Structures are given as structure tokens and as C-alpha cells.
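Just below is one structure, and these are the notes that go with it.
The values are calculated or read from the model by the stated rules, or taken from the named source; none is laboratory data. Quantities reported herein were computed from a predicted structural model and do not represent experimental measurements. Here Cβ is always computed from backbone atoms with ideal geometry, including for glycine, and neighbour counts include all displayed protein chains. Please note that ligands, DNA and RNA were not included when accessible areas were found on the heavy atoms of the full protein model with its side chains. Shrake-Rupley method; radii C 1.70, N 1.55, O 1.52, S 1.80 Å.
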Amino acid sequence: QQQVKQSPQSLIVQKGGIPIINCAYENTAFDYFPWYQQFPGKGPALLIAIRPDVSEKKEGRFTISFNKSAKQFSLHIMDSQPGDSATYFCAARENSNYQLIWGAGTKLIIKP
Amino acid sequence: NAGVTQTPKFQVLKTGQSMTLQCAQDMNHNSMYWYRQDPGMGLRLIYYSASEGTTDKGEVPNGYNVSRLNKREFSLRLESAAPSQTSVYFCASRIITEAFFGQGTRLTVV
């Protein structure tokens with residue numbers, strides 16, 4: 001059973017646009033929501049993360065928006081660049097054992 | 001500082017062959033993980049080790065075995081490879097707030 005649903009599966013955006021990737025979860029026992037970025041041929045790496053007591057977090061051009069009542073969170077990339085082209089994974093951490101539950105990933109392409 | 005190191009980077013096996021994927025981390029983390037990544041399916045957990053001397057099954061353990069040799073090393077063994085095990089395999093180690101991944105092993109079973 002997929003506890004974290006991520007959409008879309010792929011996304012193509014023009015340079016300068018604002019790609020938005022969405023995730024929804026079902027388990028209320030999650031206490032931490034990270035996003036990971038993966039470039040081709042590399043392992044995923046932590047990009048930005050948020051806790052459920054905060055509705056928004058910004059780090060540079062990357063913003064997480066969190067809606068606790070809707071059990072949804074999303075990643076926005078401002079002023080997107082071709083170098084942002086990568087696969088993005090959302091995840092949720094279970095507060096009982098700290099295991100990460102992963103979304104299926106979004107392949108993002110930023111066209112020059 | 002190397003972080004998480006996986007070997008080999010690429011491997012081609014014939015059906016029925018066995019092999020061991022090696023993973024080592026130099027960050028003194030207790031928790032280590034093996035994932036497989038397939039197109040459209042994200043990262044699926046095969047096995048994990050919460051601490052030295054313990055291992056537990058993840059979402060897709062069938063056909064795999066693991067060994068937590070010491071705090072640094074966590075290996076994944078395929079006893080009898082099948083084409084369904086063609087995938088990219090990632091090892092990771094973790095602290096509470098962040099997972100650190102190796103560069104992956106691309107395995108093809110023909």
C-alpha cells in the first residue's frame with residue numbers, strides 16, 4: 001500500500017517557470033517531510049524538509065508548502081533553471097521508528 | 001570524506017548466478033538501508049539494519065539476503081539472480097533527519 005502519493009510522474013517546464021510537485025499522505029503518524037533530489041547516475045540527496053507544525057519553508061529557490069488538514073505537501077521551484085532537471089522524491093518519516101516512506105518520484109525537465 | 005561507498009557500479013549477471021553488493025559508510029551511522037529503484041516505482045526498501053547486529057525485512061525482501069558485517073559495512077546478496085532483479089540498487093545510511101545515499105549499482109540480469 002502506497003502511503004505517500006506523489007504527482008505528477010513527469011513534468012516539463014520552460015526555464016524561469018515554477019514547477020510544482022505534489023504529495024499526499026494517509027498516515028497521521030508522520031512527523032517530518034523531506035524532499036530529495038536525484039541527478040542521473042547519482043543517489044538521491046536531501047534538498048529541503050519541513051515539520052508539520054510549519055506551513056511553509058523556503059531555502060533559496062525551493063519552497064515547501066504544507067497543508068496539515070488536507071494531508072498534502074508540495075515543492076515549488078522558483079525561477080527554474082535547466083540545472084534543476086532531476087528526479088524529485090518526497091518522503092514522510094514515521095514517528096514510531098523513524099522509517100522513511102517514499103513517494104514514487106517526479107522526473108522534472110527544465111527546457112532552456 | 002567518502003560518505004557512502006557502493007561497489008560495484010555496474011554488473012551483468014546471468015540468471016541463476018549469485019553476487020554480493022558491497023556498501024560501506026564512514027559517518028558512524030547506526031542505521032543502514034538497501035533500496036532498489038525501478039522506473040515509476042520510486043525507492044523500494046529491500047532490507048534495513050537499525051544497528052550493528054540487527055537486520056529487518058523491508059517491502060521487497062524476497063530473493064535477497066543481507067549481512068551487517070560491522071557498523072561500517074552492510075552487504076546485499078543475491079543467491080540466484082532472476083531477470084526481475086534487474087534494477088538500480090542504492091545503499092544508504094541515516095541519521096534521524098537525513099539519509100545519505102551511495103551512487104548506486106546498476107545490475108542487469110540476463
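Being without any contact (Cβ under 8 Å) to a residue 60 or more places away in the chain and touching a Gly at 6+ places or on another chain (Cβ under 9 Å) is the filter here; which residues of the range B:71-91 pass it? So that I can check it myself, show each step before the final result.
Initial filter on the range B:71-91 (without any contact (Cβ under 8 Å) to a residue 60 or more places away in the chain): B:71-77, B:84-88.
Once the filter is applied, which keeps residues that are without any contact (Cβ under 8 Å) to a residue 60 or more places away in the chain and touching a Gly at 6+ places or on another chain (Cβ under 9 Å), the range B:71-91 yields B:Ser84, B:Gln85, B:Val88.
Please indicate, with yes or no, whether at least one residue in the range A:12-21 is in a loop (DSSP other than H, G, I, E, B) and modelled with pLDDT under 95. So that I can check it myself, show each step before the final result.
Of the residues in the range A:12-21, the ones in a loop (DSSP other than H, G, I, E, B) are A:15-19.
Checking the rest, the ones that are also modelled with pLDDT under 95 come to none.
No, every residue in the range A:12-21 fails to be in a loop (DSSP other than H, G, I, E, B) and modelled with pLDDT under 95.
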Item to complete: Kindly provide the set of residues from the range A:89-112 that are in a strand (DSSP E or B), over 20 Å from B:Trp34 (Cα atoms) and over 11 Å from the mean Cα position of the chain (by Cα), ordered by number.
Response: A:Lys107, A:Leu108, A:Ile109, A:Ile110, A:Lys111
Worksheet item: Is it the case that the range A:37-51 has a residue that's within 14 Å of another protein chain (Cβ to nearest Cβ), farther than 24 Å from B:Gly104 by Cβ and touching a residue at least 60 places away in the same chain (Cβ under 8 Å)?
Response: no
Item to complete: Count, please, the residues in the range A:94-105 that happen to be more than 10 Å from chain B (Cβ to nearest Cβ) and either surrounded by 15 or more Cβ atoms within 10 Å (Cβ to Cβ) or acidic (Asp, Glu) (or both).
Response: 1
Worksheet item: So, in the range B:36-85, of the ones that are within 14 Å of chain A (Cβ to nearest Cβ) and acidic (Asp, Glu), which residue ends up farthest from B:Gly104 (Cα to Cα)?
Response: B:Asp56
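Please state which one of B:Arg44, B:Arg72 is of a type in the set (D, E, K, R) and more than 21 Å from A:Lys42 (Cβ to Cβ).
Answer to the check: B:Arg72.
Residues being under 21 Å from A:Gly16 (Cβ atoms) and outside any loop (DSSP other than H, G, I, E, B): count how many of those fall in the range A:64-86. Let's see the steps before the verdict.
Keep residues of the range A:64-86 that are under 21 Å from A:Gly16 (Cβ atoms), which gives A:64-65, A:74-86.
Now narrow it down to the ones that are outside any loop (DSSP other than H, G, I, E, B): A:64-65, A:74-77, A:82-84, A:86.
So the answer is 10.
Could you tell me whether any residue of the range A:59-71 is of a type in the set (Gly, Ala, Ser) and within 28 Å of B:Ser31 (Cβ to Cβ)? Give the steps one after another, and end with the answer.
Here is the first cut: in the range A:59-71, the ones of a type in the set (Gly, Ala, Ser) are A:60, A:65, A:69-70.
Keeping just the survivors that are within 28 Å of B:Ser31 (Cβ to Cβ) gives none.
There is no residue in the range A:59-71 that is of a type in the set (Gly, Ala, Ser) and within 28 Å of B:Ser31 (Cβ to Cβ).
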Worksheet item: Within the set of pairs 6+ apart or on separate chains, which have a first residue in the range B:92-110 that is more than 9 Å from chain A (Cβ to nearest Cβ), a second that is assigned to a strand (DSSP E or B) and charged (D, E, K, R), and C-beta atoms under 9 Å apart?
Response: B:Leu107/B:Arg36
Fill in: Any hit, the range A:40-56, residues being acidic (Asp, Glu), modelled with pLDDT of 95 or more, open to solvent by 40 Å² or more (accessible area, probe 1.4 Å) and touching a strand residue (DSSP E or B) at 6+ places or on another chain (Cβ under 7 Å)
yes
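Of everything in the range B:13-23 that's away from chain A (no Cβ under 14 Å) and surrounded by 13 or more Cβ atoms within 10 Å (Cβ to Cβ), which residue is farthest from B:Phe101 (Cα to Cα)? Walk me through it before giving the result.
Step one: of the range B:13-23, the residues away from chain A (no Cβ under 14 Å) are B:13-20, B:22.
Subset that is surrounded by 13 or more Cβ atoms within 10 Å (Cβ to Cβ): B:13, B:17, B:19-20, B:22.
Numbers: B:Leu13: 24, B:Gln17: 26, B:Met19: 21, B:Thr20: 18, B:Gln22: 13 Å.
Filtering first and then ranking leaves B:Gln17.
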Discussion item. Here are the criteria: (1) open to solvent by less than 20 Å² (accessible area, probe 1.4 Å); (2) modelled with pLDDT under 95. Tell me which single one B:Tyr33 does not satisfy.
Written reply: (2)
Fill in: Residues located in the range A:4-30, provided they are open to solvent by 40 Å² or more (accessible area, probe 1.4 Å) and within 13 Å of A:Ala92 (Cβ to Cβ)
A:Lys5, A:Glu26, A:Asn27, A:Thr28
